[in-house]
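The values are calculated or read from the model by the stated rules, or taken from the named source; none is laboratory data. Here the structure is a predicted model, which is why all the values come from computation and not from measurement. Neighbour counts run over all protein chains shown; Cβ positions are idealised from the backbone, glycine included. Note: areas computed on protein heavy atoms with side chains; ligands, DNA, RNA excluded. Shrake-Rupley method; radii C 1.70, N 1.55, O 1.52, S 1.80 Å.
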Amino acid sequence: MKKLIIAIDGPSGAGKGTLARTLAARLGYLHVDTGAMYRSVAWKAAHDGLPLDDEDAIVAMAARAVLEQSGGVITIDGIDVTRAIRTPAADQAAAAVARLPRVREVLVARQRALGANGAVVMEGRDIGTVVFPDADMKIYLDASAEERARRRASDTAHTGVQNSLALVQSELVARDQTDSTRAVAPLTLATDAVYIDTTDMPIEVVVHHVLMLLTDKLLD
Ligand code: DC
């Protein structure tokens, strides 16, 4: 079977993680969560005392850092940051780091290397537009802001979100706004992406739908 590059983009809480993880497990592909890469670099910047506006220092650190994702465990330079990178403060810091053009260059180069041999499901904001514009399959997942906030608030991986649903939603919408309007690689729908609104769709239905879409491509 062909070793595809599958790009999954969309805003927070649209279901990208669950879809990407499930597809990768079904197909025996590598799953790359690029948001976790931005989050890990932001975590390490704070750990090392680097100000988030010191792009030179953060670029140098990101270029040296050993970033690993395996079995749901995220590490940077050997430190397990799986839980630490899923807090409201980490959300903010990651969005700030993701605005830095040269940090993006470093991480995009790593993402391309991870997907170079295909057989990869990569999720993020710019995978189908910037990282792999020639991906075999591009999916753009979306959902209403209410539903995305509800999912985020009930996500046990995300700690410190005992806040009201209204607050979770307003923070999520503000961050989406940052991600969609930044100068470099903003979140946009690739012209050749398949758009799926998951607001009223159980994740199993989304997975089934995408697997159907992939059938022909896998046999090419
Ligand atoms: O998907 P996430 O919430 O874990 O992403 C964390 C931050 O990184 C978020 O602000 C969006 C940003 N991001 C990005 O700019 N490009 C990507 N490919 C992935 C994430």
| field | Helical mean residue ellipticity (222 nm; -39500 (n - 2.57) per DSSP H run of 4+; nearest 500) of the chain | value | -15000 deg cm²/dmol
| Gaussian network model of the chain, Cα springs within a sub-10 Å range: biggest mean-square fluctuation belongs to which of Ala42, Ala145, Ala89? | Ala89
| request: Please list, in chain and number order, the residues 5+ apart from Val194 or on another chain whose amide H is under 5 Å from its amide H, with Hs placed from the backbone. | output: Lys138, Ile139, Tyr140
| remark: Net charge (Lys, Arg +1; Asp, Glu -1) of residues whose beta-carbon lies under 15 Å from that of Ala193, Ala193 excluded, is -4
| field | Carbon + sulfur, % of accessible area of the chain - ligands and nucleic acids excluded, 1.4 Å | value | 55 percent
| Most fluctuating residue of Arg99, Arg64, Arg175 in a GNM of the chain with Cα springs under 10 Å: which is it? | Arg64
| Taking only protein heavy atoms and a 1.4 Å probe, what accessible area per residue, in Å², does the stretch 1-154 have with all protein chains in place? | 41 Å²
| remark: With the charge dipole of the stretch 39-101 built from beta-carbon charges (+1 for Lys and Arg, -1 for Asp and Glu) about the Cα centre, the Cα from Ile58, Ala90, Pro101 projecting farthest to the positive end belongs to Ala90
| If you find the alpha carbon centre of the stretch 69-89 and of the stretch 161-197, how far apart are they in angstrom? | 22 Å
| task | Over the stretch 92-172, calculate the relative contact order: mean separation of alpha carbon pairs under 8 Å at least 6 apart, over the residue count, as a percent. | result | 18 percent
| request: Considering Cα pairs under 8 angstrom that are at least six residues apart, work out the relative contact order of the chain and quote it in whole percent. | output: 35 percent
| field | Radius 13 Å from Cβ of Ala96, net charge of other residues (Lys, Arg +1; Asp, Glu -1) | value | 0
| message | Two decimals, Cα atoms only, Kirkwood Rh: what is Rg/Rh over the stretch 47-163? | response | 0.96
| field | Fluctuation leader among Met137, Met201, Met61 - the chain, Gaussian network, Cα springs under 10 angstrom | value | Met201
| note | Beyond 22 Å, the calculated P(r) of the chain holds a percent of Cα-Cα pairs equal to 49 percent
| Per residue solvent-accessible surface (Å²) - the stretch 155-220, probe of 1.4 Å | 59 Å²
| message | Treating only the Cβ of Lys, Arg, Asp and Glu as charged (+1, +1, -1, -1), what charge dipole size does the chain show about its Cα centre? Round to the nearest 20 debye. | response | 340 debye
